[in-house]
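The values are calculated or read from the model by the stated rules, or taken from the named source; none is laboratory data. Computed from a predicted structure; not experimentally measured. Glycine also receives a Cβ, built like all others from the backbone with ideal geometry; neighbour counts cover every protein chain displayed.
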Amino acid sequence: MSSPCITEYMKIRRYIMNLVCRSGGKSILLPTVQELCDRFDVSRPTVCKAMKELTQQGYVIAKRGVGSFSNSSQASSELQMRALVGLLLGDGMGIYLARYYGIILGEMIKQLVAAPVIVQQITLGSIIPETVQKEILGEQLNLLVWISGRAEQVAALRAAGLPVLSILGETEQLPGTLRLGYEAWGYHCGNLLIEEGRKCPVFLQDDRANAALYKGIRRAYSEAGLPLYPALSFEESFGVLPKLGELIRGGVPVDAVCNPMLGCNQLTDFLMGLDPSMPKKCAIVQCTLSDRHPAGFHEICFDIPAEEVASKTVSMVQHALHENGGYAPAEEISLATVIR
């Protein structure tokens, strides 16, 4: 059994408060201490601490020998009138928001609360699929918006009866999914690189998260009959720059670097340190959210349409909430190209 911690305490507190606020203005019997221990896999002191504080704050009424009841006078009228929509990013265990997700998430929250729905940001305490499903279902949501979630976990939650929208995730073209057109943009970018005569692009962080983007670039080179070699592709994000440096110092004529992750000039500063003339030799493929280097590298960028992502997400939320759990058709948002 897990030792008491603030995360477990907050999960119990949130669970009980959701029961109270969504009780329809009625006093309902709440789960027992043992039932809560079993549900959250915690010790009795952790549960008793949460219930004691909720009782002191007036959300719970304890009746000796009978049980604990919700205090109907504390029920949130807004929460009873609005749908409760969970917002989950990735594995739910992140601490910091990168620029990419911060801008998308901020715009999404702004538009969702104006929809209007009640937004609950979900945090998780595990990456074990069975535990993840249990934790999410325990939040008593009307709907979950999962940004960059795994396809199999989305499917499992849907099978368990929770409506889930997969936003920018790995799901195929299933209803209720929204993705960005990375592969189409990658193909366009690949053709631009070919037109510029670039024959030796390097792929940084060539993992499943960037698979669609890189697939598009590779397809363009394949159709042009230009082979790309495995040695020019790196899966890891840490320690990748020294390996790139080894290639360049070894005489590989790197003329483009596809850089989805390093956004604060780490890459361009590194290239300048290797060879001050690199801005004339090497193009950078990255997001417009990445910093521009003062040396003036040629950049082929994709632009993240955060407002469009948010507005389409809200439309999908409203459709799912008002169509008896039905999902809107899958959508793909095209990415604009910015040359700078």
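Assorted remarks:
- Within the stretch 151-203, strands (runs of 3 or more DSSP E) holding 2 or more residues that are free of Cβ contacts under 8 Å to residues at least 60 places away in the same chain: 164-167, 201-203
- Inter-residue pairs, beta-carbon under 7 Å, first β-branched (Val, Ile, Thr) and in the stretch 227-254, second in a helix (DSSP H, G or I), 6+ apart: Ile248/Leu274; Val254/Leu247; Val254/Ile248
- Boolean, Ile333 is of a type outside the set (Asp, Glu) and within 26 Å of Glu183 (Cα to Cα): yes
- Residue check, Pro294 free of Cβ contacts under 8 Å to residues at least 12 places away in the same chain and either surrounded by fewer than 16 Cβ atoms within 10 Å (Cβ to Cβ) or farther than 24 Å from Ala336 by Cβ (or both): yes
- Filter result for Gly138 (on the phi < 0 side of the Ramachandran plot, in contact (Cβ under 8 Å) with a residue 60 or more places away in the chain and in the same structural domain as Val317 (by TED's automatic domain parsing)): yes
- Just one of the listed residues (Val285, Val257, Val252) is surrounded by 14 or more Cβ atoms within 10 Å (Cβ to Cβ) and over 26 Å from Gly181 (Cα atoms), namely Val252.
- When the residues of the stretch 207-240 are filtered to those that are at pLDDT below 90 and assigned to a helix (DSSP H, G or I), the one that is farthest from Leu192 (Cα to Cα) is Val240.
- Qualifying residue in the stretch 227-238 (condition: closer than 24 Å to Gly90 by Cβ and over 24 Å from the mean Cα position of the chain (by Cα)): yes
- Scanning the stretch 23-43 for residues that are of a type outside the set (Val, Ile, Thr) and surrounded by 18 or more Cβ atoms within 10 Å (Cβ to Cβ) turns up Ser23, Leu30, Pro31, Leu36, Cys37, Phe40.
- The set of residues in the stretch 113-130 that are more than 16 Å from the chain's Cα centre (by Cα) and aliphatic (A, V, I, L, M) comprises Val113, Ala114, Ala115, Val117, Ile118, Ile128.
- Hits in the stretch 89-108 - residues which are aliphatic (A, V, I, L, M) and within 12 Å of the chain's Cα centre (by Cα): Leu89, Met93, Leu97, Ala98, Ile103, Ile104, Leu105, Met108
- Test for Gly25: is it within 30 Å of Val117 (Cβ to Cβ), touching a helix residue (DSSP H, G or I) at 6+ places or on another chain (Cβ under 9 Å) and in contact (Cβ under 8 Å) with a residue 40 or more places away in the chain: yes
- When Arg208 is tested against (1) within 16 Å of the chain's Cα centre (by Cα); (2) exposed (fewer than 15 other Cβ atoms within 10 Å of the Cβ); (3) closer than 13 Å to Val85 by Cβ, just one condition goes unmet, and that condition is (3).
- Among the candidates Gln120, Gln153, Gln133, residue that is outside the structural domain of Lys281 (by TED's automatic domain parsing), under 30 Å from Leu36 (Cα atoms), surrounded by 21 or more Cβ atoms within 10 Å (Cβ to Cβ) and not acidic (Asp, Glu): Gln153
- From the list Pro253, Pro279, the lone residue that is closer than 16 Å to Ile339 by Cβ, more than 32 Å from the chain's Cα centre (by Cα) and of a type outside the set (Lys, Arg) is Pro279.
- Close Cβ contacts (under 9 Å, 6 or more residues apart or on different chains) running from residues in the stretch 114-125 that are under 20 Å from Tyr96 (Cβ atoms) to residues that are of a type in the set (S, T, N, Q) and part of a loop (DSSP other than H, G, I, E, B) comprise Gly125/Ser2.
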